[in-house]
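Structure, as structure tokens:
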Amino acid sequence: MEIEQTRMYQTTFNFIKLVIGQAVSVFGTSLLRFALSLYVLDITGRADIFATLFAVSSLPVLLSPIAGAVADRFNRKTIMVGLDTANGLFSLLLLIAFLFNQTSLIVITIAMILFGFVGSMDTPVVTAIIPSLASQDKLESANGILQGVQSISGIVAPILGGLLYSIIGMDNILIITTVVFFLTAILESRILVPKNKSTYSGSIFRVLTNDLKEGVHYTLSDSFVRKTLLISVGLNLVLAPLFVVGIPYILRVTMNLSTELYGVGIGAIQFATILGALMIGAVLKKLKVKNFYLWILAIAILLIPITLSTTPMLLKIGNIPAFLLFVLCAVPLSACLSIVSIFSISKVQKITPTQHLAKVMSILLMIIQCASLIGQIIYGIGFEVFQDTVYIPIMITFFATFIIAIGSKFLYRNEKEV
């Protein structure tokens, strides 16, 4: 009976509904955030306000562990549907504000924070739902497909957002996003998800606080989860910011590339991230816990020619040879990093009990994202200090990644295959 119920949830059609729902939801959110950012730049003309607004809208990620505790205590499907419904309502209210010319920087800021809050709530909920819709042997592939589709939506949305903003304006974009969010909520209501609602007594605040403490305790007490968190924090501190801060700076400033070549380079690297996510199923036979460190070591090795491409010696030859060497190594590096990330998340999902899954995943994601933000600040300072010798920060990244690879071999040496 239990096997039949499991098969009822783990159908291809059921998973496709989740993938479509998430793709459309991410597309709508990315489209709206990008269009709103253009609107803020238009009405203020100030980059500092634009940057501050985006930073403030990212703060709700600190609340994601609370979302994880709620998702483990209450029905995850109901929460998922409710969040996209909330996005639709926020979009509708913002549309009304635009139609009655009641928009101001404060209104936009509040809207961005609300959308950021919903996004921070949605991620741990969906991450906790995936293992119930995919069998253990297909979990990595399921995570890869979902991340790949979400990445495509996140890339396409800003491109389309810029076109729509100039052609149809902010009002019509809000009409589109409002409809998109409500349709997503309707689609997600048709997804079959096991009910996980549990009974409780007393204050809900106290219950959620205790649940959160349990999640933190499990994260820190479970050997594999703790080690994976440590490695993930290291990678997101030293590698992830390289793609956000380092690569755009190197291509545009250090190599002084044209807009066309810059776009080709960034596009190729983003495509590699998606390709890595979609390839996870094909490489699973070769990727194991015991040889996990080799993939990180491969990333470190790829950083050597990337460092070489930013040296004065190669740049004197010409920016095209430097660009080609950089991209040829950054593309497989990006794919490997995507594979390593999905593999780590999938293993944690497999070993974490259902009652703790959303809490643990939200805690992991919050800490990892905070590490990435700190890394971005460090990289920003580093590239400013070494703007004429950018190969130095990349060389430091190589040594740090090499240490993480050796450290992961040491940490996982006694861990069994999950």
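Brief remarks follow.
- Pairs where the first residue, in the stretch 245-262, is more than 17 Å from P393 (Cα to Cα) and the second is buried (at least 20 other Cβ atoms within 10 Å of the Cβ), C-beta under 6 Å, 6+ apart: L257/L251; Y262/L251
- Residue within the stretch 124-137 that is in contact with a Pro (Cβ under 9 Å, 6 or more places away or on another chain) and of a type in the set (S, T, Y) present: yes
- Assessment of the stretch 191-201 against the conditions (of a type outside the set (S, T, N, Q), under 26 Å from S57 (Cα atoms) and touching a residue at least 24 places away in the same chain (Cβ under 8 Å)) yields no matching residue.
- Of the residues L365, L328, L357, the single one that is of a type in the set (A, V, I, L, M), part of a helix (DSSP H, G or I) and open to solvent by 60 Å² or more (accessible area, probe 1.4 Å) is L328.
- Any hit, the stretch 222-234, residues being under 20 Å from K350 (Cβ atoms), open to solvent by less than 40 Å² (accessible area, probe 1.4 Å), of a type in the set (F, W, Y) and at pLDDT 90 or above: yes
- Test: residue in the stretch 100-110 that is closer than 16 Å to K17 by Cα and open to solvent by less than 40 Å² (accessible area, probe 1.4 Å): no
- Looking at I152, I186, just one residue is assigned to a helix (DSSP H, G or I), modelled with pLDDT under 85 and open to solvent by 70 Å² or more (accessible area, probe 1.4 Å), and that residue is I152.
- Only listed residue being under 23 Å from the mean Cα position of the chain (by Cα), outside any loop (DSSP other than H, G, I, E, B), touching a residue at least 12 places away in the same chain (Cβ under 8 Å) and within 30 Å of I363 (Cβ to Cβ), chosen from D211, D122: D122
The values are calculated or read from the model by the stated rules, or taken from the named source; none is laboratory data. The structure displayed is predicted, hence computed values, not measured ones. Neighbour counts run over all protein chains shown; Cβ positions are idealised from the backbone, glycine included. These accessible areas exclude ligands, DNA and RNA; they are computed on the full protein's heavy atoms, side chains included. Shrake-Rupley method; radii C 1.70, N 1.55, O 1.52, S 1.80 Å.
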